[in-house]
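What follows is a set of notes on a single structure, which appears directly below.
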Amino acid sequence: MTERLILFSGNANPALSQAIADYLGVPLGDAEVTRFSDDEILVQILENVRGADVFVIQPTCRPVNENLMELLVIIDALKRASARRITAVIPYYGYGRQDRKVQPRVPITAKLVADLLTAAGVHRVLTMDLHAGQIQGFFTTPVDHLYAAPVLLRFFEERRLEDAVVVSPDAGGVERARAFAKRLGSPLAFIDKRRTGPNEAKVMHIVGDVEGRDVIIVDDMIDTAGTLTQAVPALLEKGARRIFASCTHPVLSGPAVERIDGSALEEVVVTNTIPLPADGIPKKLTVLSVAPLLGEAISRIHKEESVSRLFV
């Protein structure tokens, strides 16, 4: 194991990168990421990384293609600078929803992105709350998959909700919601829905008892907030008392902000894996930091210690 740990940050979420560096007590590495006049990405590593254990922090959030390409170019620059090991720290894995063929003649882009990272020269990946756990198998390199649940659970435990029930917004998220409910000591319910198209969903009915209870809707991400805000009136109709939402990745694209602010949601709790815009943030949003969790995982990987023990 090399003694030198060096952190580099792309431009996707510099605030999170700095918070991780502060937790670890190390400075961010010196690199210059610029653009040619035609927007080609140019990266220059401005310090010696030969033989070092390097971590590149870059969620592939919006603009997804720009941030993904920037990550690939940084990895290539570090590989050619003879870094001993390169770990891509991807708090939010873009293209994660395209993990299987759901229609004829469509790509499996989550696998394509894994292949691109491997071809660029990454030795290992550290990510958080993948949309589908099987994406780990798309890599030929080791993947450390973290969960934001401990951070989110701590928040709701401190709120001391009355007769809380954890709700999955769809059948596919039941496993995630079940684990959350087990740790919270609450019952589980889920919403049966049918998709009518990309970013469109229609709620059908509630499976489970929510009457007279505080509801926590648990998901990995909130994109357009269509699924989330359609669930609210259905839950209220079934007698839910107050409705909270919790997710790891606040994508918040399209009409998400208006939908959340116009809904009967009491509070939406998210993490800072994705930077939020300076304007247009929902008034009901509470942002929790996952920097200590990511920082601790980076420290354990560097020291060759167990990462899974963070979730015992």
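Listing for the model above:
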{"quantity": "Subset of segment 202-213 that is assigned to a strand (DSSP E or B) and surrounded by 20 or more Cβ atoms within 10 Å (Cβ to Cβ) - its residue that is modelled with the lowest pLDDT", "calculated": "Val203"}
{"quantity": "Residue pairs meeting the criteria (Cβ under 9 Å; at least 6 apart or on separate chains; first over 12 Å from Asp53 (Cβ atoms) and modelled with pLDDT of 95 or more, in segment 1-24; second part of a loop (DSSP other than H, G, I, E, B) and of a type in the set (Ser, Thr, Tyr))", "calculated": "Ala12/Thr60; Ala12/Tyr92; Asn13/Tyr92; Asn13/Thr273; Leu16/Thr273; Leu16/Ser289; Ala19/Ser289"}
{"quantity": "First in segment 136-158 and more than 13 Å from Val218 (Cβ to Cβ), second anywhere and among the small types (Gly, Ala, Ser) and exposed (fewer than 15 other Cβ atoms within 10 Å of the Cβ), Cβ under 9 Å, 6 or more apart", "calculated": "Val143/Gly137; Asp144/Ser308; His145/Gly133"}
{"quantity": "Within segment 215-303, strands (runs of 3 or more DSSP E) holding 3 or more residues that are surrounded by fewer than 22 Cβ atoms within 10 Å (Cβ to Cβ) and touching a residue at least 12 places away in the same chain (Cβ under 8 Å)", "calculated": "285-288"}
{"quantity": "Selection status of Asp22, in a helix (DSSP H, G or I) and closer than 22 Å to Pro275 by Cβ", "calculated": "yes"}
{"quantity": "Number of positions in segment 31-46 that are surrounded by 13 or more Cβ atoms within 10 Å (Cβ to Cβ) and either over 21 Å from Arg124 (Cα atoms) or β-branched (Val, Ile, Thr) (or both)", "calculated": "4"}
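Matching residues to (1) at pLDDT 95 or above; (2) aliphatic (A, V, I, L, M); (3) over 14 Å from Ser9 (Cβ atoms); (4) not in a loop (DSSP other than H, G, I, E, B):
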site: Val26; (1), (2), (3), (4): yes, yes, no, no
site: Thr34; (1), (2), (3), (4): no, no, yes, yes
site: Val43; (1), (2), (3), (4): yes, yes, no, yes
site: Phe55; (1), (2), (3), (4): yes, no, no, yes
site: Thr60; (1), (2), (3), (4): yes, no, no, no
site: Asn65; (1), (2), (3), (4): yes, no, yes, yes
site: Leu71; (1), (2), (3), (4): yes, yes, no, yes
site: Leu78; (1), (2), (3), (4): yes, yes, no, yes
site: Tyr92; (1), (2), (3), (4): yes, no, yes, no
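The values are calculated or read from the model by the stated rules, or taken from the named source; none is laboratory data. All values reported here derive from a predicted model rather than from experimental measurement. When we count neighbours, we look across all protein chains shown, and the Cβ atoms used for this are built from the backbone with ideal geometry, even at glycine.
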